[in-house]
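The values are calculated or read from the model by the stated rules, or taken from the named source; none is laboratory data. Keep in mind it's a predicted model, so treat the numbers as computed, not measured. Virtual Cβ from ideal backbone geometry, glycine too; neighbours counted across all protein chains shown. Only protein heavy atoms, including side chains, enter the accessible area calculation; ligands, DNA and RNA are left aside. Shrake-Rupley method; radii C 1.70, N 1.55, O 1.52, S 1.80 Å.
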Amino acid sequence: MKLAPKSRDILRQYKALINARRRDAGQRELTTAQVMDEICEYMICQCAVYIGGHFILQGGKGQ
């Protein structure tokens, strides 16, 4: 997947923060793909998301 440099930097920052906290808790680190999966999972649980200049209304809670 090709990401814009700004998006790649944001993802790198999230991954570093998540993995630092996971290390402190004695958990294994997540890969970049796993972080992206978690972000997508979080998004489907929202009532609406704003992507590509449009709101997407959803049922929330994965519905």
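M1 fails exactly one of the following numbered conditions: (1) assigned to a helix (DSSP H, G or I); (2) open to solvent by 80 Å² or more (accessible area, probe 1.4 Å). What is the number of that condition?
Going through (1) assigned to a helix (DSSP H, G or I); (2) open to solvent by 80 Å² or more (accessible area, probe 1.4 Å) one by one, M1 breaks only (1).
Considering only residues that are free of Cβ contacts under 8 Å to residues at least 12 places away in the same chain and part of a helix (DSSP H, G or I), look in region 42-53 and name the one that is surrounded by the fewest Cβ atoms within 10 Å (Cβ to Cβ). Working first, answer last.
Of the residues in region 42-53, the ones free of Cβ contacts under 8 Å to residues at least 12 places away in the same chain are 42-43, 48-53.
Remaining after also requiring part of a helix (DSSP H, G or I): 42-43.
Numbers: Y42: 10, M43: 13.
Once the filter is applied, the top-ranked residue is Y42.
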